[in-house]
Amino acid sequence: MKRRLAGKQTGFTLIELLIVIAIIGILAAILIPNLLDAMQKAKQKRTLADMRITGTAMFSWLSDQVGAAAAGATATNINISDYKAMTLTDLQTLLVPAYIERVVDRDGWKNPYQYFLDPVNVQSQHLMVIGSGGRDNSDITGSYTVAGFEPTDYDQDIVWADGFFVRWPQK
């Protein structure tokens, strides 16, 4: 505040207020995009962690059922049509509570996971897939080549199949 002169009270001038508002605007323009990107990255990382945990529980169940698992397979392509879709309820019946406390049903963007597991045909080469459609919640369909993607492309599908990530954010 400025000093009083001859009994008059003075405040901030219009120029001083405009400068303060401009500084706040510049800081917001710098910080808000970084904050939004950090929030998307956190959702992506949470999705990856949930998929690993659920996948580990699926492999534990498989190991108990057939005595072996296909972890570490070296496929370079997967086709989702080779896998049998499974509902969350059916997966929970197999895994909860013996292998996992609860099966996470939503990814970091609050979209439902897509599960593929054929509990009847456990000798199949194509055993299990967990998929997230990413921020745009696209369906996990078609063929995927094992490869990473730019980590800031949050609309990309994240796919875990047969013990490894087929689509994942690089870096």
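The values are calculated or read from the model by the stated rules, or taken from the named source; none is laboratory data. Note that the structure is a prediction, hence the values are computed from the model and not measured. A quick note on method: Cβ atoms are made from the backbone with ideal geometry, for glycine too, and the neighbour counts reach across all protein chains shown.
Odds and ends about this structure:
- Among residues of segment 123-171, those that are β-branched (Val, Ile, Thr), touching a strand residue (DSSP E or B) at 6+ places or on another chain (Cβ under 6 Å) and surrounded by fewer than 19 Cβ atoms within 10 Å (Cβ to Cβ), counted: 2
- Test: residue in segment 76-96 that is in contact with an Asp or Glu (Cβ under 7 Å, 6 or more places away or on another chain) and surrounded by fewer than 16 Cβ atoms within 10 Å (Cβ to Cβ): yes
- Taken as a whole, the condition of being at pLDDT 95 or above and within 27 Å of ASP37 (Cα to Cα) does not apply to PRO169.
- For segment 44-80, a residue qualifies if it is among the hydroxyl-bearing types (Ser, Thr, Tyr) and modelled with pLDDT of 90 or more, and the qualifying residues are THR47, THR54, THR56.
- Answer residue from segment 120-149, given it is at pLDDT 95 or above and charged (D, E, K, R) and is nearest to the chain's Cα centre (by Cα) among those: ARG135
- Those strands (runs of 3 or more DSSP E) lying entirely in segment 102-171 with at least 1 residues of a type in the set (Gly, Ala, Ser): 128-132, 143-145, 147-149, 158-161
- Within segment 100-118, tally of residues that are more than 16 Å from ILE80 (Cα to Cα) and either under 15 Å from the mean Cα position of the chain (by Cα) or not acidic (Asp, Glu) (or both): 12
- Test for GLN40: is it at pLDDT 95 or above, in contact with a strand residue (DSSP E or B) (Cβ under 9 Å, 6 or more places away or on another chain) and under 30 Å from VAL103 (Cα atoms): no
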